[in-house]
């Protein structure tokens with residue numbers, strides 16, 4: 001049996017749902033990830049969501065993800081109630097520690113369903129994304145406009161009828177008229193965003209922060225309505241960095257898509273590979289060896305440290321302390337040297353494979369890692385004095401951009417941003433994967449949920465990651481670095497050189513990739529910035545039928561208006577820095 005995340009089952013949940021909707025048609029679907037999945041009609045969706053959110057004794061308070069699937073070219077439509085499009089909602093109950101997947105079938109001539117933004121506020125951007133990329137309309141949405149693509153874009157890119165390659169779209173040219181049209185479309189008109197100016201026109205102004213501003217850490221714009229220096233409204237505008245990562249998955253083999261995952265959170269390295277590969281392995285029924293699990297954990301925690309060190313330095317830089325980032329880059333370089341020695345690359349190794357790893361650990365790896373672990377504690381103590389005990393940092397961060405646990409859940413916050421409110425939720429503890437249940441470590445928590453606590457939680461997570469890595473070094477099991485399974489890619493080497501009948505499957509497995517059985521699975525990890533998940537759909541092909549990437553930074557930026565209102569511009573800079581995001585993780 002493939003690796004599972006320890007999600008407690010609740011056989012009474014389906015009966016509980018049916019009891020609330022005796023007249024509704026509810027169909028259950030079995031999925032590879034074993035998440036309770038039900039189909040409901042578009043008419044029953046919103047009433048059901050209201051009950052799930054507020055009527056149950058242990059409600060589904062968290063909308064984890066919302067996406068869609070174009071089913072029009074799918075060959076294995078084993079569920080009779082599938083139609084042309086499927087809208088998929090993944091809900092989570094923290095009290096139950098359980099997920100629920102809801103599906104709604106829509107026909108091509110009736111691509112419309114009710115918005116759930118009044119139930120879960122963070123559905124706003126998700127519904128805009130689905131409309132933008134699939135053309136599915138959400139009635140009563142407060143501002144249903146494009147979010148990833150330019151407003152001038154023609155078509156909906158994740159529909160199967162939309163080209164997947166530039167060579168399929170004809171020659172591109174930019175005439176003067178087209179250039180002027182595109183420039184005009186970039187202008188900010190508050191009315192088009194459903195905004196009504198507040199106060200007297202003489203007393204406020206609109207200010208574009210970005211899309212090329214150092215504090216937004218990428219191509220990202222925030223439109224601010226100001227009353228003097230005070231922020232009245234803040235409207236984030238994303239999509240400038242959109243590269244179509246989900247669309248590209250539909251034309252890459254399961255194996256050749258691995259390097260693309262590295263670039264999602266480009267500071268997370270191999271940690272991006274893990275949820276994707278766990279989902280593939282889940283559908284294929286691949287069980288990875290214990291040695292693979294421990295090595296994967298060790299490498300993921302190295303990249304958690306690398307990412308957190310960069311955040312630590314840039315956060316201090318954003319609010320006035322320049323020196324720390326230079327020292328922290330020295331420590332990152334030392335750790336990158338170890339990563340390169342093990343994987344052969346630095347930031348984007350793409351080193352994990354279906355069923356295992358690209359290679360085993362090199363000789364002397366344990367000495368390198370141990371020396372770095374012995375070196376770092378003194379450096380962390382220095383950083384405490386330079387940053388965390390710095391009176392300027394405290395004045396700029398304590399009490400700034402604060403929110404409570406309920407607000408964080410409403411807006412889809414996960415990871416350190418959620419734990420900074422005092423909420424004890426870490427996927428590695430609550431639903432251990434890849435053997436995390438075998439490691440001894442603590443989950444750092446904050447108390448105020450402000451910018452300072454979000455930094456403090458990540459600082460302590462660095463120490464806990466070092467603790468996990470040391471346990472990996474001391475308890476590394478023996479064994480193979482790849483599963484002995486026919487769908488492992490690349491296949492085991494000993495199957496290639498015996499005769500032509502073993503060489504041909506190896507050749508096909510490398511060039512075309514394995515054929516993953518029809519089905520679907522969602523696997524999630526506690527990534528550097530929060531919950532990162534891949535929801536994969538296979539149509540029994542060498543390529544993914546649908547790849548959904550749920551990233552943590554996407555909902556985190558949606559919360560900026562809540563945190564920014566009433567702040568000064570300088571405080572907004574500290575708040576943005578404390579979120580810890582990269583735009584590749586947002587726009588994909």
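The values are calculated or read from the model by the stated rules, or taken from the named source; none is laboratory data. These numbers were taken from a predicted model, which means no experiment stands behind them. Here the Cβ is made from the backbone with ideal geometry for all residues, glycine too, and neighbour counts use every protein chain on show.
Tell me, yes or no, whether the range 522-544 has at least one residue that is modelled with pLDDT under 90 and more than 30 Å from residue 85 (Cα to Cα). Within the range 522-544, not a single residue is modelled with pLDDT under 90 and more than 30 Å from residue 85 (Cα to Cα).
Given the criterion modelled with pLDDT under 95 and farther than 25 Å from residue 279 by Cβ, identify the matching residue among 434, 451. Please lay out each step first, then the result.
On the way: 434 fails: farther than 25 Å from residue 279 by Cβ.
After applying the criteria, what remains is 451.
Selection within the range 351-406: residues that are without any contact (Cβ under 8 Å) to a residue 40 or more places away in the chain and part of a loop (DSSP other than H, G, I, E, B). The member of this set that is surrounded by the most Cβ atoms within 10 Å (Cβ to Cβ) is 358.
Yes/no matrix, rows are residues, columns are (1) assigned by TED's automatic domain parsing to the domain that holds residue 281; (2) modelled with pLDDT of 90 or more; (3) under 26 Å from the mean Cα position of the chain (by Cα); (4) more than 28 Å from residue 160 (Cβ to Cβ):
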residue: 20; (1), (2), (3), (4): no, no, no, yes
residue: 35; (1), (2), (3), (4): no, yes, yes, no
residue: 57; (1), (2), (3), (4): no, no, no, yes
residue: 66; (1), (2), (3), (4): no, yes, yes, no
residue: 89; (1), (2), (3), (4): no, yes, yes, no
residue: 98; (1), (2), (3), (4): no, yes, yes, yes
residue: 117; (1), (2), (3), (4): no, yes, yes, no
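Among the residues examined, residue 106 does not qualify as within 30 Å of residue 235 (Cβ to Cβ), touching a residue at least 40 places away in the same chain (Cβ under 8 Å) and buried (at least 22 other Cβ atoms within 10 Å of the Cβ).
Which of the residues that make up the range 239-248 are at pLDDT below 90 and either part of a helix (DSSP H, G or I) or closer than 30 Å to residue 462 by Cβ (or both)? Outline the logic, then answer.
Of the residues in the range 239-248, the ones at pLDDT below 90 are 239-244.
Those that are at pLDDT below 90 and either part of a helix (DSSP H, G or I) or closer than 30 Å to residue 462 by Cβ (or both): 241, 243.
Go over the candidates 99, 44, 65, 132 one by one and state the one that is part of a helix (DSSP H, G or I) and closer than 24 Å to residue 547 by Cβ.
Numbers: 99 fails: part of a helix (DSSP H, G or I); 44 fails: closer than 24 Å to residue 547 by Cβ; 65 fails: part of a helix (DSSP H, G or I).
None of the other options fit; the residue is 132.
When residue 504 is tested against (1) without any contact (Cβ under 8 Å) to a residue 24 or more places away in the chain; (2) touching a helix residue (DSSP H, G or I) at 6+ places or on another chain (Cβ under 6 Å), just one condition goes unmet, and that condition is (2). The residues listed here are 420, 406, 378; of these, the one that is at pLDDT below 95 and touching a helix residue (DSSP H, G or I) at 6+ places or on another chain (Cβ under 9 Å) is 420. Taking helices (runs of 4 or more DSSP H) as the structural unit, those lying wholly within the range 454-568 and holding at least 3 residues that are touching a strand residue (DSSP E or B) at 6+ places or on another chain (Cβ under 6 Å) correspond to 560-564.
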